[in-house]
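Report on the structure given below.
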Amino acid sequence: MTSAKSARRPHHWRRDLIELAALFTAVAVADAIANLIGHQPDGPYLLMASAVALVGTAAFHTWWARRHSHAPPSDEADVAPVGAGPAGGTGTSAGEAEGTGEGGIVGAGETGTTLWRMRTTVLDAPGSLAALCTALAGLRVDILTLQTHPLAQGTVDEFLLRAPASLQAQELSRKIAAAGGASTWIERADAHDLVDTPTRVLSLATRTALDAAELPLALRQLLGRCTIHSLPAVSVTGRATGQSAPVEGVLEETVMRLRDPSGGVISVERPYLPFTPTEFARARALVELDARLGPRVPRSEDVLTLPEGNEITVRRADQGDLTAARAMHDRCSQDTLGLRYHGPVADADRYLDHLLSPRFGRTLAVQTASGRLVALGHLLWDGDETEVALLVEDDWQRRGIGSELLRRLVALAEEAGCDSVYAVTQSRNTGMVAAMRALELPLDYQIEEGTLVITARLSSEEAARPSAPTERARR
């Protein structure tokens, strides 16, 4: 190793010049001393003793120099041993060193990166996870978080990855398959996924504890992209639906059924990816928390002043407001009820009990200073979509109450992470159309047999997707 390093060192002419000057100086001094001592009576003996001392000193200096070399390195490249990197790690070739300098730590040295969520199934054997990590390292992918979901046979590994922007999902999937991963699923992630799992679960549990209407949203955020349906035990017409589930729930590959604390079943479906036992246990724990806490709705109130000077209060409503809501229905004209419900209203008590249930969404109520209910606004969870609906008593219409309710409902939908909201009404309902347009959001319109469906896009990604409101209009 020493000879190899010496062979690479460049020759320094300054060192040779200094050594030559020192040699000539030493010769001159030795000649002067020899002339001075040589003419003395004991001069020859003194010269011989001096020669022996010089030879011994030279030998000692040579030995010491070999043992403790203090010569500075001739080049900075010789500081690290051959085969070691700049920090003493494993050495790399020139090409590898250049690539590491550009993005050895993905996201630090490389500006263009993408977040991915990936789930793959591997054998439950030593080295299976290491093979995946090696494959990811070869693609310069940084593993931000990792969760393991044990199965009866094998293990599901769920990763949050930060990869170079140039890396495509297909290439990543091929590398994972070559490393032993099966049933690999990949989708884009965002900054919200950077929150670690225990923190996210505790946050969802807190939201559920404060508001019963948060349970379906918490389940959706916990399990990722999925469809959640609340199936009541009794329909709005009063007939038994036959929907039930055992207390411990049912897990069937891509479907889980949980007993709804308010009666009926909460059905969660994710066709593209089977649920794991760990996910099922987390979902069941959230439902059990909701059941223990019982019905609850935040009781915050906002007092607003209408243009004519009257004060109104906007607050959350629940099934405790059923009597007041039924009285408001009785005061509304048939035309107003027809625009809201798209036909004759029968069994209003059952309809209102369903609409006021926090399990199916959120409801805002408007009451006067005397406490009379004059308007209702509903934000209803409809599987993957969200519906808004308004009902304002005849004497209180055209005062901006509907627009205020709609604005607040859309804000609640954005807070819940909804991509869009839609309203189903009659094409002649100019008030609802004007309120939707006042949101200043991208709108889609579709009319089918006199029924108008207006969809407001809340996110730029959703705005780029084509809408399919025909099924909503039929419902």
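Within the stretch 126-154, the residues that satisfy the criterion of being modelled with pLDDT of 85 or more, outside any strand (DSSP E or B) and within 25 Å of Phe280 (Cβ to Cβ) are Ser128, Leu129, Leu132. Cβ separations smaller than 7 Å between residues 6+ apart or across chains give the following pairs from the stretch 129-148 residues that are open to solvent by less than 60 Å² (accessible area, probe 1.4 Å) to residues that are in a helix (DSSP H, G or I) and among the polar types (S, T, N, Q): Gln147/Thr197.
Annotation: of all residues in the stretch 257-278 being in contact with a Cys (Cβ under 9 Å, 6 or more places away or on another chain) and in a strand (DSSP E or B), the one that is surrounded by the most Cβ atoms within 10 Å (Cβ to Cβ) is Val268.
Residues in the stretch 280-318 that are touching a Leu at 6+ places or on another chain (Cβ under 9 Å) and of a type in the set (Val, Ile, Thr): Val287, Ile312, Thr313, Val314. So, of the residues in the stretch 215-226 that are under 19 Å from the mean Cα position of the chain (by Cα) and within 17 Å of Arg292 (Cβ to Cβ), which turns out to be surrounded by the most Cβ atoms within 10 Å (Cβ to Cβ)? Selected residue: Ala218.
With respect to the conditions (1) open to solvent by 30 Å² or more (accessible area, probe 1.4 Å); (2) not in a loop (DSSP other than H, G, I, E, B); (3) not hydrophobic (A, V, I, L, M, F, W, C), Thr363 falls short on a single one, namely (1). Note on the stretch 246-256: among residues that are assigned to a loop (DSSP other than H, G, I, E, B) and open to solvent by less than 60 Å² (accessible area, probe 1.4 Å), the one that is modelled with the lowest pLDDT is Pro246. Being surrounded by fewer than 17 Cβ atoms within 10 Å (Cβ to Cβ) and of a type in the set (A, V, I, L, M, F, W, C): is that true of Ala411 here? Judged against the criteria, Ala411 is a match. Can you confirm whether the stretch 163-176 contains a residue that is free of Cβ contacts under 8 Å to residues at least 24 places away in the same chain, aliphatic (A, V, I, L, M) and closer than 26 Å to Thr278 by Cα? No - not one qualifying residue is present in the stretch 163-176. Candidates are the residues of the stretch 311-336 that are touching a helix residue (DSSP H, G or I) at 6+ places or on another chain (Cβ under 9 Å) and outside any helix (DSSP H, G or I); the one that is nearest to His354 (Cα to Cα) is Asp318. For the stretch 398-412, a residue qualifies if it is under 22 Å from Gly338 (Cα atoms) and in contact (Cβ under 8 Å) with a residue 40 or more places away in the chain, and the qualifying residues are Arg399, Gly400, Ile401, Glu404, Leu405, Leu409. Selection over the stretch 385-420 of residues that are of a type in the set (A, V, I, L, M, F, W, C), at pLDDT below 90 and out of contact with any strand residue (DSSP E or B) (no Cβ under 7 Å at 6 or more places or on another chain) gives a count of 1. Could you tell me whether Arg407 is under 19 Å from Val303 (Cα atoms) and out of contact with any Leu (no Cβ under 8 Å at 6 or more places or on another chain)? No, not satisfied.
Residues that are of a type in the set (A, V, I, L, M, F, W, C), open to solvent by less than 30 Å² (accessible area, probe 1.4 Å) and out of contact with any Phe, Trp or Tyr (no Cβ under 7 Å at 6 or more places or on another chain) within the stretch 173-194 comprise Ile176, Ala179, listed in sequence order. One residue stands out among those in the stretch 288-307 that are surrounded by 13 or more Cβ atoms within 10 Å (Cβ to Cβ) and out of contact with any helix residue (DSSP H, G or I) (no Cβ under 8 Å at 6 or more places or on another chain): the one that is modelled with the lowest pLDDT, which is Ala291.
The values are calculated or read from the model by the stated rules, or taken from the named source; none is laboratory data. The model shown is predicted, which means the values in this text are computed figures rather than measured ones. Neighbour counts are summed over all protein chains in view; Cβ atoms, including those assigned to glycine, are modelled from backbone coordinates with ideal geometry. The area values use the complete protein model at the heavy-atom level, side chains included, leaving out ligands, DNA and RNA. Shrake-Rupley method; radii C 1.70, N 1.55, O 1.52, S 1.80 Å.
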